[in-house]
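Since the structure comes first, as structure tokens, the remarks are kept for the end.
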Amino acid sequence: MGNENAERIQTSILYRAEQKLVAWLIKRMPAWVTSDMLSYTGLVAAIGYAFFCWMANFNLYYFWLSSLCLVLNWFGDSLDGTMARYRGTGRPKYGFFIDHSLDALTTCLFCIGLGLSPMMQLSISLFIMGGYLCLSIYTYLSTIIIGKFPLTYVGMGPTEMRLLIIVVCLIYTYLPCRSYSFPVCGVEWTFFDLAGALVAAILYLIYICSMARDLRALAKIDPPKPYHKNKD
């Protein structure tokens, strides 16, 4: 990663169970499978997710295929770095760069997919995307400047977010009153729009609170310097 000595902060709800599953899978992975292959598998799965979300406009059962793509995305994204470390083939700088570059693109695909689906307005899903990307930027800054690499927030990480999306998609597929809407400022909102807006607001709130906390700490470590007029 960008700062090899950064402390990885992992407090997700499913972390222990996920690590056991990842370790089991890594030991059984064929030798011809590389970390890069897994990384790009995750990206292709994210593209598939967005496509099947759009297809759900024609048949809601496509949400099952979009959910399968999320599982495949987890497979690629969760195993790539771990496999490199397990095999001793890790490239910290290259790995950090490709992993988080693809993560940013994957996040965009997830949110755009939600917005293209019948479940949520595109404006709401883009609002979520903005909040998630703000947190991503904060994570990279924290890694480089503070030496802490937060992988989760309030017990939620990428794995929990994928599971949440799967659950919401399947609830929407089978919920009889999914189309019920109510006007907000002249625009019809569904309960899923409202839930998406709430998720986005929470992401921005976490970002602002985390940034404010670290700014106070950094201000003590790196206080303002007195002004010295140049005599030249």
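Within the range 110-126, restricting attention to residues that are touching a residue at least 12 places away in the same chain (Cβ under 8 Å) and surrounded by fewer than 22 Cβ atoms within 10 Å (Cβ to Cβ), the residue that is farthest from the chain's Cα centre (by Cα) is PRO118.
Selection of the range 133-177 for residues being of a type in the set (S, T, N, Q), modelled with pLDDT under 90 and part of a helix (DSSP H, G or I) yields SER136, THR139, SER142, THR143, THR159. For first residues located in the range 13-32 and in contact (Cβ under 8 Å) with a residue 60 or more places away in the chain and closer than 14 Å to ASP80 by Cα, partners that are assigned to a helix (DSSP H, G or I) and hydrophobic (A, V, I, L, M, F, W, C) and lie 6+ apart or on another chain with Cβ distances below 7 Å form the pairs VAL22/LEU79; ILE26/LEU79; ILE26/MET83. Scanning the range 12-60 for residues that are more than 18 Å from MET120 (Cβ to Cβ) and hydroxyl-bearing (Ser, Thr, Tyr) returns SER12, TYR15, THR34, SER35, SER39, TYR40, THR41. Taking the range 75-95 as the range and being surrounded by 19 or more Cβ atoms within 10 Å (Cβ to Cβ), in contact (Cβ under 8 Å) with a residue 60 or more places away in the chain and either not in a helix (DSSP H, G or I) or not charged (D, E, K, R) (or both) as the test, the residues that pass are SER78, GLY95. Of LEU38, LEU65, LEU70, all but one fail to be assigned to a helix (DSSP H, G or I), within 16 Å of the chain's Cα centre (by Cα) and either surrounded by 19 or more Cβ atoms within 10 Å (Cβ to Cβ) or at pLDDT 90 or above (or both); the exception is LEU70. All told, TRP32 meets the bar of being more than 30 Å from SER179 (Cβ to Cβ), out of contact with any Phe, Trp or Tyr (no Cβ under 6 Å at 6 or more places or on another chain) and not in a helix (DSSP H, G or I).
Taken over the range 44-94, the criterion of being charged (D, E, K, R) and under 24 Å from LEU25 (Cα atoms) is satisfied by ASP77, ASP80, ARG85, ARG87, ARG91.
Here CYS177 passes the criteria (1) in contact with a Pro (Cβ under 6 Å, 6 or more places away or on another chain); (2) loosely packed, with under 15 Cβ neighbours inside 10 Å; (3) not aliphatic (A, V, I, L, M) except the one numbered (1). When you scan the range 140-149, do you find a residue that is surrounded by 18 or more Cβ atoms within 10 Å (Cβ to Cβ), without any contact (Cβ under 8 Å) to a residue 60 or more places away in the chain and not aromatic (Phe, Trp, Tyr), even just one? So far as the range 140-149 goes, no, none of its residues is surrounded by 18 or more Cβ atoms within 10 Å (Cβ to Cβ), without any contact (Cβ under 8 Å) to a residue 60 or more places away in the chain and not aromatic (Phe, Trp, Tyr).
Restricted to the range 1-25, and to residues there that are among the polar types (S, T, N, Q) and modelled with pLDDT under 85, the residue that is surrounded by the fewest Cβ atoms within 10 Å (Cβ to Cβ) is ASN5. Annotation note: of ALA200, ALA195, ALA212, the sole residue that is over 27 Å from LEU60 (Cα atoms), small (Gly, Ala, Ser) and assigned to a helix (DSSP H, G or I) is ALA212. Summed over the range 53-70, the residues that are touching a residue at least 24 places away in the same chain (Cβ under 8 Å) and under 10 Å from CYS169 (Cβ atoms) give a count of 8.
Scanning the range 42-60 for residues that are surrounded by fewer than 18 Cβ atoms within 10 Å (Cβ to Cβ) and outside any loop (DSSP other than H, G, I, E, B) yields a total of 5.
Any idea which residue in the range 178-225 is farthest from the chain's Cα centre (by Cα), counting only those that are modelled with pLDDT under 80 and of a type in the set (Lys, Arg)? Step by step, filter the range 178-225, then rank; the result is LYS225.
The values are calculated or read from the model by the stated rules, or taken from the named source; none is laboratory data. Remember, predicted model here, so these are calculated numbers, not experimental data. Because the Cβ atoms are built from the backbone with ideal geometry, glycine has one as well, and the counts that use them run over all protein chains shown.
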